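J.: Have a look at the structure that comes next, please.
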Amino acid sequence: MNDRDWVRLVDQLKNGDCTPLVGPGAVGNGRPAGSELSEAWARTVEYPFADRADLPRVMQYADVTDSRPGSVRRQVAGAVRASPTPDFAVPTEPHALLARLPLPVYLTTNPDGFMGQALRQAGKRPRRTVCHWYRNASAGGDHDPAEAFPNPEEPVVFHLHGTVEDPGSLVLTEDDHLDFVMNLAMDRGADDQQIIPTYILPALTTRPLLFLGYSLHDWTFRLLFRGLLHTVAAVQPRRHASIQLALPAAGAPREERRRAEEYVAEYFGRWNVAVFWGSTADFCAKLADHLGWS
């Protein structure tokens with residue numbers, strides 16, 4: 001991200017003209033990273049294939065081989081509920097940082113309630129709702145009509161990949177991710193939006209997205225990124241979004257690092273996405289500095 005990107009992002013955030021999308025990298029305090037969690041589950045279920053770091057595939061195997069319907073989802077929900085709560089008193093903690101901004105809608109693929117907790121601690125009255133990707137489209141119209149007008153003081157936290165309160169809503173397996181993207185594409189052509197309610201759509205179609213806590217190599221992110229930007233957000237292509245990416249390995253040859261960075265910049269540049277090279281923590285620290293909060 002260059003100086004112009006930072007100026008634009010800060011202006012959008014201060015004016016409430018941006019929609020954050022919070023991913024697993026925004027959660028710390030002891031919760032394992034995606035690859036570590038995948039390896040742990042692979043050991044538990046004795047996953048027999050080589051791609052043990054691919055969490056959706058490992059969860060697919062766990063779900064198929066478990067004879068108890070819904071057991072894996074309940075176990076995952078329980079593990080998330082047992083996770084330590086982030087320290088929202090730290091100004092650069094991702095949820096706390098976002099909660100201070102005058103934003104009407106927060107999107108998340110995390111099943112925890114941390115975004116809502118941070119907003120309440122910031123003195124706001126968040127309203128939580130869940131994407132109905134996993135239900136029959138005819139049953140998807142039960143979103144609370146009272147949430148039709150989200151605003152910075154009563155923002156909506158929209159869980160795209162489910163919540164721990166409803167384990168059946170979790171997007172865990174490879175099939176879940178594919179079903180989510182397919183239903184998202186089908187939903188766009190429907191006369192009545194079911195999966196993403198109409199009061200959420202402007203947050204996706206008219207405002208830039210801030211991807212926070214995602215990895216380029218994360219299977220979940222790749223499907224989500226293409227699904228959202230290609231099927232939903234494509235109706236408004238003039239947008240700006242930001243993502244944090246880990247730098248190429250420090251020991252890599254300079255030419256290899258240069259080519260890797262050029263490739264990533266060109267790929268995301270096609271979608272008008274500005275790339276921040278560094279961790280989510282680094283990004284939040286720099287964003288706080290640009291906001292004048294450090």
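J.: Out of P102, P86, I need the residue that is within 23 Å of R128 (Cα to Cα), modelled with pLDDT of 95 or more and in a loop (DSSP other than H, G, I, E, B). Which one?
T.: None of the other options fit; the residue is P102.
J.: Another question, then. From the residues in region 249-270 that are among the hydrophobic types (A, V, I, L, M, F, W, C) and surrounded by 12 or more Cβ atoms within 10 Å (Cβ to Cβ), which one is modelled with the lowest pLDDT?
T.: By that ranking, first place goes to A252.
J.: Given the criteria without any contact (Cβ under 8 Å) to a residue 40 or more places away in the chain and charged (D, E, K, R), does R100 qualify?
T.: no
J.: Quickly run through region 115-136 and pick out the residues that are outside any loop (DSSP other than H, G, I, E, B), in contact with a Phe, Trp or Tyr (Cβ under 9 Å, 6 or more places away or on another chain) and surrounded by fewer than 24 Cβ atoms within 10 Å (Cβ to Cβ).
T.: Within region 115-136, G116, Q117, Q121, R128, T129, V130 meet the criteria.
J.: OK, next. Based on what the data block shows, is M1 touching a Phe, Trp or Tyr at 6+ places or on another chain (Cβ under 6 Å) and either in a loop (DSSP other than H, G, I, E, B) or on the phi > 0 side of the Ramachandran plot (or both)?
T.: So M1 passes the test.
J.: Still on this structure, I have one more. R74 versus (1) within 30 Å of A203 (Cα to Cα); (2) assigned to a helix (DSSP H, G or I): which is the lone unmet condition?
T.: (1)
The values are calculated or read from the model by the stated rules, or taken from the named source; none is laboratory data. Small disclaimer: the values here were computed from a predicted structure and weren't measured. All Cβ positions, glycine included, derive from the backbone under ideal geometry; neighbour counts span all protein chains shown.
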